[in-house]
Amino acid sequence: MENADFMNLRRMPTGRYARALRLMRARVKDASLPGLEERLEQALKLSEHTLALELSWSTARANVTKARGQAALIDNQIDAQLSALEGSIKAQMVGDEGAPEVEMARELHRTFFGQGVAAITQQAFEVQEGQIDAMLVRLDERFSQHVDALGLGRAVERLRRLTGEFKAELDRDRDPGVSFDQVRAARHQLHEVTCSVLIGILYHLDAGDASSAALRARILEPLLDQQERVAQAYSRHRSPTDVNPETGEEIVEGAEPGAGEAEPQPEPTMA
C-alpha cells in the first residue's frame with residue numbers, strides 16, 4: 001500500500017504542489033528542522049521535474065497537432081502532383097501502336113495507376129506514404145529509362161521532395177517525445193511524496209504542546225491553503241487551475257489538469 005492510501009489529501013495541479021512545498025521548506029528551514037528540510041527538498045525537486053515533464057509533454061502535443069496540420073497541407077500538394085503525373089503519362093499513351101514512348105507510357109500507367117490516382121490519394125496518410133515510397137523505389141530501379149524518355153524527371157523529383165517533407169511531418173507525429181503516461185506517473189509520485197512529507201511533519205511535530213502545535217500549523221498552512229482552493233474549485237464543479245510556483249499567481253490559461261486528464265476527486269477532509 002502507498003502513503004496516499006492512508007491520507008485524505010486531494011490531488012492538485014503540479015504548480016500548487018510546488019508552491020506549497022516551496023513555502024513549507026522555507027518555514028522548516030527557519031525552524032531548524034534538518035530532517036524535514038531534506039524531505040521537503042526532495043519533494044520540491046520532484047515537483048520541478050514534474051513541471052518540466054508537463055512542459056515537454058505540452059510542447060510535444062502542440063508539435064503533433066502542428067505536424068498533422070502541416071502534413072495535411074503537404075498531402076494536398078502530393079495529391080495534385082500525383083494527378084499531374086498520371087495525366088502526363090496518360091497523355092503520352094496516345095500515339096502510334098508500337099511507338100516506344102507510347103508503350104513506355106502504357107506500362108507506367110498500368111504499373112502505378114491501374115486503379116486510378118484515387119487508389120493512392122484516398123488512403124490514410126501512413127498507407128499513402130508507404131505506397132509512394134514503393135513507387136519511387138520502382139521508378140528508380142526499373143523505370144528510370146521510362147522517366148527520362150517521357151520527360152517525367154521534374155515531376156518525379158518534386159514528388160520525391162514532397163514525400164520527404166510529408167514523412168518528416170508524420171515522423172514528428174509518431175515520435176511525440178514525452179508521453180502523457182510519463183506525466184501521469186510523475187504526478188502520482190509527487191502526490192505520494194507529498195503525503196510522505198505530511199506524515200513526517202505530523203510525526204516530528206506532535207501537537208501535544210502549544211508551541212509544537214503552532215509550528216506545525218504554520219508549516220502546514222501553505223499546503224492546507226492550496227488544498228482549500230482545490231476543494232473550492234471542485235465544489236463549483238470546475239477543474240482546479242494551476243499556479244505559478246514562485247509567485248502563487250493563478251494560471252487560468254491551460255489549467256492543469258485539463259478536461260479528461262484528471263481523475264474524479266473525492267471530497268476528503270483534512271484530519
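The values are calculated or read from the model by the stated rules, or taken from the named source; none is laboratory data. Because the structure is a prediction, the values reported are computed rather than measured. Don't worry about glycine lacking a Cβ; one is built from the backbone with ideal geometry, like all the others, and counts go over all protein chains shown. SASA here: full protein model, heavy atoms, side chains in, ligands and nucleic acids out. Shrake-Rupley method; radii C 1.70, N 1.55, O 1.52, S 1.80 Å.
Taken over the range 105-136, the criterion of being under 14 Å from Gly87 (Cα atoms) and either open to solvent by less than 20 Å² (accessible area, probe 1.4 Å) or touching an Asp or Glu at 6+ places or on another chain (Cβ under 9 Å) (or both) is satisfied by Ala105, Leu108, His109, Phe112, Phe113, Gly116, Val117.
Among the residues that make up the range 64-75, is at least one of them under 30 Å from Gly15 (Cβ atoms) and among the aliphatic types (A, V, I, L, M)?
Within the range 64-75, the first condition is being under 30 Å from Gly15 (Cβ atoms), and the residues that meet it are 64-69.
Narrowing the set further to residues that are among the aliphatic types (A, V, I, L, M) leaves 64, 67.
Checking the range 64-75: at least one residue is under 30 Å from Gly15 (Cβ atoms) and among the aliphatic types (A, V, I, L, M).
Mind telling me which of the residues Val193, Val147, Val183, Val197 ends up being within 30 Å of Ala80 (Cα to Cα) and either in a helix (DSSP H, G or I) or open to solvent by less than 30 Å² (accessible area, probe 1.4 Å) (or both)? Before the answer, list the steps.
Numbers: Val193 fails: within 30 Å of Ala80 (Cα to Cα); Val183 fails: within 30 Å of Ala80 (Cα to Cα); Val197 fails: within 30 Å of Ala80 (Cα to Cα).
Just a single option satisfies the conditions, and that option is Val147.
Yes/no matrix, rows are residues, columns are (1) in the same structural domain as Ile201 (by the TED database); (2) modelled with pLDDT of 95 or more; (3) more than 30 Å from the chain's Cα centre (by Cα):
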site: Glu2; (1), (2), (3): no, no, no
site: Lys29; (1), (2), (3): yes, no, yes
site: Leu33; (1), (2), (3): yes, no, yes
site: Leu36; (1), (2), (3): yes, no, yes
site: Ala43; (1), (2), (3): yes, no, no
site: Glu48; (1), (2), (3): yes, no, no
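Of the residues Met104, Met135, the single one that is in a helix (DSSP H, G or I), more than 30 Å from Leu51 (Cβ to Cβ) and touching a Phe, Trp or Tyr at 6+ places or on another chain (Cβ under 6 Å) is Met135. Beta carbons closer than 7 Å, at least 6 apart along the sequence or on distinct chains, never pair a first residue in the range 136-154 that is not assigned by the TED database to the domain that holds Leu108 with a second that is open to solvent by 50 Å² or more (accessible area, probe 1.4 Å).
Listed by first and then second residue, the pairs linking a residue in the range 1-24 that is assigned to a helix (DSSP H, G or I) to a residue that is among the polar types (S, T, N, Q) and surrounded by fewer than 19 Cβ atoms within 10 Å (Cβ to Cβ), with Cβ atoms under 7 Å apart and 6 or more places separating them unless they lie on different chains, are Asn3/Ser196; Gly15/Asn244. Here is the figure for the range 12-48: residues that are farther than 15 Å from Val243 by Cβ, of a type outside the set (S, T, N, Q) and open to solvent by 20 Å² or more (accessible area, probe 1.4 Å) total 15.
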